[in-house]
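Every read-out reported here was derived from the displayed coordinates using simple, explicitly stated rules and does not represent laboratory data. Bear in mind that the values here come from a model prediction, so they are computed numbers and not experimental data. Cβ: placed from backbone, ideal geometry, glycine included. Neighbour counts: every protein chain shown.
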Amino acid sequence: MKELVIISGKGGTGKTSITGAFASLAGNSVLADCDVDAADLHLLLKPRIIKKHDFYGGSRALIRNELCTDCGKCREVCRFDAIEIRGPVSPHSQKTYQVDPVACEGCGLCAYFCPAQAIQFDLALNGEWYISGTNYGPMVHAQLGMAEGNSGKLVSRIRSEAKKIAEEEKIGNLLIDGSPGIGCPVIASITGADQVLIITEPTLSGLHDLRRVAELTRHFHIPAMVGINKWDINEELTGEITRQTKELGLTMAGKIRYSRAVTEAQVKQVPIVEYTNDGISQDIRELWQVVMEELNKS
Amino acid sequence: MKIAVASGKGGTGKTTLAVNLAYVTSHAVALLDCDVEEPNAHIFLKPEIREQHSVGVLIPEVNPEKCTLCGKCGEICQFNAIVPLPKKVLVYPELCHSCGGCMLVCPDQAVTEISREIGKIEQGQAGHIWFAHGILNVGEIMSPPMIKAVKHAVPPAELIIIDAPPGTSCPVIEAVRGVDYTILVTEPTPFGLHDLKLAVGMLRTLEINFGVVINRSDLGDQGVREYCDENSIRILAEIPDDRRIAESYSRGEIICESLPEYQSIFKTLIQTVVAKTDNKLKARA
């Protein structure tokens, strides 16, 4: 089983549209959406949810005001400014201590040091993840709760479930839609993968972010290829990116032209290669060929 | 007054908006680029960097001579960052959230804290704009402490514009926490709408006032407008899909400089947002 992760550094370069097109071209693969805090792949692949699971990424503190003695120890030990003081709620207390669930890091110090054992510290529900069926193979995806953290842990969970399915059902390819940036969820999506495809665009921002994300893949020793989306927006920069890709020791996998059909396909909620056979779909097919060859080599 | 520019979906135009709003405003303004994983505002502003400093987080260091291997540090750590083994205690610096628990519970004072660099902050000036950004070291997992450090800057400005990272998770929450207003940038597509809803949910949870800007507004469908309408969300401005903007952006230019006809959109937008926020702040005071 080969695992390909599609990332970009910069957001909005076309990761999800390209992953969706690859899913369609591959025919049968396992799909995973690891961009858990802005997941969009399901809008193209229309998964039918088969199993839903709760995701508990960490614990969270909750002060039981009826036991609280207002000593303030929790506030003293918390380094995340997560303990707030409000007005009295009962006749026996001057103040009410409360945990701001958004600021709470889940370290548990307040609960550990509370002399009145007034703080509960239980697993917190951070989101849900799903195993689904699509026309292109099984899909694992998730929904992080509003203003929730622990996205890296959720990404790791999704990837391991997707791998398990690929092995059990003997499906050769695992296609992963990653998230922008170079931080926690991206690192969780790429560590140990067979190949990474970095989708960039010919803008100075795209190039800047490509260099940082390429440094990241090198840091974790993961072979990476580059695809340039909307290459004809700035041909000079496309040339420069091609040159720098070689210099960085990465494989130039292909170029995709700019086309408004990408947005039209998105509005119709179908992978672009099913929406049109025009040039852009040819570009994506060629890119897919090269990506498959590289993936099989790795 | 602090105003953040955020988005949910990446690549909708946060940096373009933040940079151009700073460029056209007549207020004494600062721009803090809080996308510490992939900071881009400097590409457009080309600031003269006058100061640079390292940002560190605290991690434990165990003195083996004092340590009695009691295991209390491992018990309190929720992040598996400190692991007592039969003969020594291992520390995994990247997993540490700097809560200080291990140091507090150690009965033998064997744990102290040392600083570990996770990135750096650069600050300087770009014309009338005071500028700062954070650059997370490549390979670092946690960006929120870095974002917090950028936000600690105290610029000589009455208006602070924060360029937030994409998404709706911890880094964005850190970037928008405590701001007076957030401009959400989206595009009128199903992806844009889906991620806008998540960003709106996040801001409502955080109780932060916000409005929406629709970028590349003549593309896509009506979903974003209908959603805003149904949920009484104010659409602050619409920016058309103009190939000249895309080309100018690709070269790292400020739109209002290279295409001056767009100045009025950005000027009206920043004036509207500042006036709205000013009224809210006065009403609260």
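Considering only the Cα atoms of the stretch B:1-111, their convex hull presents on average a projected area of 10.8 nm².
Computed from Cα positions, the angle between helix B:190-206 and the longest principal axis of chain B comes to roughly 60 degrees.
Annotation note: GluC sites (Glu not before Pro) in the stretch B:1-74 located in DSSP loop regions with a Cβ neighbour count of at most 16 within 10 Å are B:Glu65. The convex hull of the Cα atoms of the protein assembly as shown, projected and averaged over all directions, covers 27.9 nm². Expressed to the nearest 5 percent, the antiparallel share of DSSP beta bridges inside the protein assembly as shown is 50 percent. Taking amide H positions as modeled 1.01 Å from N, with prolines and chain starts lacking one, the residues under 5 Å from A:Tyr56 and 5 or more places away or on another chain are A:Asn126. Shown here are the Rg and Dmax of the Cα trace of chain B, at 21.9, 71 Å. When trypsin sites (Lys or Arg not before Pro) are flagged only if DSSP places them in a loop and at most 12 other Cβ atoms lie within 10 Å, the longest unflagged stretch of chain A comes out as A:65-169. Applying a DSSP loop filter and a limit of 12 other Cβ atoms within 10 Å to the GluC sites (Glu not before Pro) in the stretch A:191-298 leaves nothing. When only alpha carbons are used to place a centre, the stretch A:133-206 and the stretch B:38-105 end up 27 Å from one another. Prolate is the label for chain A, because a/c, from the alpha-carbon gyration tensor with a ≥ b ≥ c as root eigenvalues, is 1.5 or above and a/b exceeds b/c. Its Cα gyration tensor gives the stretch B:57-117 an equivalent ellipsoid; the semi-axes, largest first and in whole Å, are 16, 12, 10.
For chain B, the longest principal axis of the C-alpha atoms and the axis of helix B:263-284 are separated by about 60°. Computed 3J(HN,Hα) for the stretch A:165-177, one whole-Hz value per residue from the Karplus formula 6.51 cos²θ - 1.76 cosθ + 1.60 where θ = phi - 60°, is 5, 4, 5, 4, 8, 6, 9, x, 10, 10, 9, 10, 8, glycine and proline marked x. For B:Lys282, go through the lysines and keep the ones whose alpha-carbon is under 19 Å away, minus same-chain ones fewer than eight residues off. By straight Cα distance, B:Lys282 reaches B:Lys2. Neighbouring Cβ atoms from other chains, within 10 Å of the Cβ of residues in B:160-170, number 6 on average. Of all DSSP beta bridges confined to chain B, the antiparallel ones make up roughly 50%. Restricting the stretch A:61-114 to GluC sites (Glu not before Pro) that sit in a DSSP loop and have at most 16 other Cβ atoms within 10 Å of their own Cβ leaves A:Glu66. Counting only aspartates and glutamates at least 8 places from A:Lys52 when in the same chain, those with an alpha carbon closer than 16 Å to its own are A:Asp33, A:Glu128, A:Glu161. Our coupling estimate for the stretch B:171-177, obtained by passing each phi through the Karplus curve with A = 6.51, B = -1.76, C = 1.60 and θ = phi - 60°, is x, 5, 4, 4, 5, 9, 4 Hz, Gly and Pro reported as x. Can you bin the stretch B:214-285 into rounded, prolate or oblate? Criterion: square roots of the alpha carbon gyration tensor eigenvalues sorted a ≥ b ≥ c, rounded for a/c under 1.5, prolate for a/b above b/c, oblate for the rest. It comes out oblate by the Cα gyration axes. Converting phi to 3J(HN,Hα) with the Karplus coefficients 6.51, -1.76 and 1.60 and the offset θ = phi - 60°, the stretch A:112-126 yields 5, 8, 5, x, 9, 6, 8, 10, 7, 9, 10, 4, 10, 6, 9 Hz in sequence order, with x at every glycine or proline. Students often get this wrong, so check it: of A:Lys15/B:Lys9; B:Lys46/B:Lys267; A:Lys153/B:Lys151; B:Lys66/B:Lys87, which have C-alpha atoms separated by over 23 Å? Violating the 23 Å Cα-Cα cut-off are A:Lys153/B:Lys151.
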